[in-house]
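Working notes for the structure below.
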Amino acid sequence: MQNDSLLKIFCYGNRTNPPIIFVHGFPFDNSMWSAQVAALKDSHFVITYDIRGLGGSPIGDGQFPMHMFADDLLNILDSLSIKSTAVCGLSMGGYISLAAFEKEPSRFSKLILCDTRADADDNAAKSKRAMNIKNINAYGGVRFVQNFLPLCTSEDFRVNNSDYYNSLLERYSSVNERSLKACQLAMMGRADYSHLISKIDIPTLVICGEHDGFTPPEFMKNMAAQIKGSEYHTIPNAGHLAPLENPDYTNNLIIDFLNA
Ligand code: MLT
């Protein structure tokens, strides 16, 4: 399915079932949710999409602040006539979900935050992004992704699922360098959503891979503690990509949460 901005959108299951939309992280695409789609498509109307510049969605002029990603998410809901839905975002997908929640909280019925954070980049994180862009310019996107993916995944996953891991390396090594840099800039310039956390008043599930080095379990547990009535879980044998690295464990939590 294509909408006005030609984003690639994928819908699964019966439209009369409760909807859930998944928002992927950087520099991934809709396919990172394939295990969640398989687990939910018989009971839910499942939507995945490729965010601007990633997967099959066009980069356009390459200028997209986080607010534009949030508008894309809300526009997709409009295009599918969905008034309110469960939203699940991982890492940058979590930033996008929070930016959209700030704009239109009534569109959210339940929220799942995976391996993400609410605060903006501090100066050190901004310098790191600038260095990432410099390195992409100097050494190319393939090398960037090949260095980045091990940081996103647990050793357990890389060793025990080496074929899958190698397929991820191959798939994401081909991401357009302009998109990699544009996403770095979008994340660098995102607003601070910390103030939203204590205002979230919908059922919220917070999950984090036990070996997540970007947003570690203690950090996410602390964020969850500020969300009224939220549920927090650490996902064993997983890093920053918990739903992809340990899908069975994650899916059981998501199913229980959606059915509660
Ligand atoms: C992601 O996984 O989406 C990114 O690593 C998030 C980030 O760089 O802040």
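The values are calculated or read from the model by the stated rules, or taken from the named source; none is laboratory data. Keep in mind it's a predicted model, so treat the numbers as computed, not measured. Neighbour counts run over all protein chains shown; Cβ positions are idealised from the backbone, glycine included. These area figures cover heavy atoms from the full protein model, side chains too; ligands, DNA and RNA do not enter into them. Shrake-Rupley method; radii C 1.70, N 1.55, O 1.52, S 1.80 Å.
Within region 28-56, count every residue that is closer than 12 Å to ASN176 by Cα and either in contact with a Ser or Thr (Cβ under 8 Å, 6 or more places away or on another chain) or part of a strand (DSSP E or B) (or both).
Going through region 28-56, the residues closer than 12 Å to ASN176 by Cα turn out to be 28, 52-56.
Applying the additional criterion that residues be either in contact with a Ser or Thr (Cβ under 8 Å, 6 or more places away or on another chain) or part of a strand (DSSP E or B) (or both) yields 52-55.
Residues flagged as closer than 12 Å to ASN176 by Cα and either in contact with a Ser or Thr (Cβ under 8 Å, 6 or more places away or on another chain) or part of a strand (DSSP E or B) (or both) within region 28-56 amount to 4.
Assess whether SER79 counts as being away from the ligand (no atom under 16 Å from the Cβ), open to solvent by 10 Å² or more (accessible area, probe 1.4 Å) and of a type in the set (Ser, Thr, Tyr).
Numbers: away from the ligand (no atom under 16 Å from the Cβ): yes; open to solvent by 10 Å² or more (accessible area, probe 1.4 Å): yes; of a type in the set (Ser, Thr, Tyr): yes.
When the stated conditions are applied, SER79 passes them.
Filter region 62-83 for residues that are of a type outside the set (Asp, Glu) and closer than 23 Å to ASN176 by Cα and give the result. Give the steps one after another, and end with the answer.
The initial filter retains those residues of region 62-83 that are of a type outside the set (Asp, Glu), namely 62-70, 73-77, 79-83.
Hits for region 62-83 are GLY62, GLN63, PHE64, PRO65, MET66, HIS67, MET68, PHE69, ALA70, LEU73.
Could you check LYS199 against (1) over 27 Å from LYS41 (Cβ atoms); (2) crowded, with 20+ Cβ neighbours inside 10 Å and say which number it fails?
Here LYS199 clears every test but (2).
Here are the criteria: (1) out of contact with any Asp or Glu (no Cβ under 7 Å at 6 or more places or on another chain); (2) open to solvent by 50 Å² or more (accessible area, probe 1.4 Å). Tell me which single one ALA182 does not satisfy.
Result: ALA182 fails condition (2) only.
Within the bounds of region 20-34, is there any residue that is without any contact (Cβ under 8 Å) to a residue 24 or more places away in the chain and either among the acidic types (Asp, Glu) or on the phi < 0 side of the Ramachandran plot (or both)? Talk me through it step by step, then tell me what you get.
So the first thing to find is which residues in region 20-34 are without any contact (Cβ under 8 Å) to a residue 24 or more places away in the chain, and the list is 34.
Subset that is either among the acidic types (Asp, Glu) or on the phi < 0 side of the Ramachandran plot (or both): 34.
Yes, that holds for at least one residue.
Can you go through PHE22, PHE101, PHE28 and tell me which one is surrounded by 20 or more Cβ atoms within 10 Å (Cβ to Cβ), away from the ligand (no atom under 16 Å from the Cβ) and at pLDDT 95 or above?
On the way: PHE22 fails: away from the ligand (no atom under 16 Å from the Cβ); PHE28 fails: away from the ligand (no atom under 16 Å from the Cβ).
The match here is PHE101.
Select from region 207-248 the residues that are hydroxyl-bearing (Ser, Thr, Tyr) and either assigned to a loop (DSSP other than H, G, I, E, B) or within 13 Å of the ligand (Cβ to nearest atom) (or both) and write down the one among them that is least open to solvent (accessible area, probe 1.4 Å). Before you say what the answer is, go through the steps one by one.
To start, the set of residues in region 207-248 that are hydroxyl-bearing (Ser, Thr, Tyr) comprises 215, 230, 232, 234.
Narrowing the set further to residues that are either assigned to a loop (DSSP other than H, G, I, E, B) or within 13 Å of the ligand (Cβ to nearest atom) (or both) leaves 215, 230.
Working: THR215: 4, SER230: 32 Å².
Among them, the one singled out is THR215.
Limited to region 31-62, what total is found for residues that are open to solvent by 40 Å² or more (accessible area, probe 1.4 Å), within 16 Å of the ligand (Cβ to nearest atom) and closer than 15 Å to LEU185 by Cα?
1
In region 67-104, what residues are more than 17 Å from the chain's Cα centre (by Cα) and under 18 Å from LEU196 (Cβ atoms)?
Of everything in region 67-104, those that are more than 17 Å from the chain's Cα centre (by Cα) and under 18 Å from LEU196 (Cβ atoms) turn out to be SER84, LYS103, GLU104.
Select from region 106-120 the residues that are of a type in the set (Lys, Arg) and without any contact (Cβ under 8 Å) to a residue 60 or more places away in the chain and list them in ascending order. Spell out how you get there, then give the answer.
The initial filter retains those residues of region 106-120 that are of a type in the set (Lys, Arg), namely 107, 110, 117.
Passing the criteria: only ARG107.
So which pairs qualify, if the first residue must be in region 63-76 and surrounded by 16 or more Cβ atoms within 10 Å (Cβ to Cβ), the second must be of a type in the set (Ser, Thr, Tyr), the Cβ gap must be under 7 Å, and the two must be at least 6 apart or on different chains?
If the second residue must be of a type in the set (Ser, Thr, Tyr), the pairs left are MET66/TYR95; ASP72/SER5; ILE76/TYR49.
Here are some residues: LEU151, LEU111. Which one is closer than 29 Å to THR234 by Cβ, within 16 Å of the ligand (Cβ to nearest atom) and either part of a helix (DSSP H, G or I) or of a type in the set (A, V, I, L, M) (or both)? Walk me through it before giving the result.
Numbers: LEU111 fails: within 16 Å of the ligand (Cβ to nearest atom).
Criteria check complete, one pass: LEU151.
Among the residues of region 122-137, is any out of contact with any Gly (no Cβ under 6 Å at 6 or more places or on another chain), within 15 Å of the ligand (Cβ to nearest atom) and part of a loop (DSSP other than H, G, I, E, B)?
From region 122-137, those out of contact with any Gly (no Cβ under 6 Å at 6 or more places or on another chain) are 122-137; that's our starting set.
Within this subset, residues satisfying the condition of being within 15 Å of the ligand (Cβ to nearest atom) are 122-133, 135-136.
So of that shortlist, the ones also part of a loop (DSSP other than H, G, I, E, B) come out as 122.
Within region 122-137, one or more residues are out of contact with any Gly (no Cβ under 6 Å at 6 or more places or on another chain), within 15 Å of the ligand (Cβ to nearest atom) and part of a loop (DSSP other than H, G, I, E, B).
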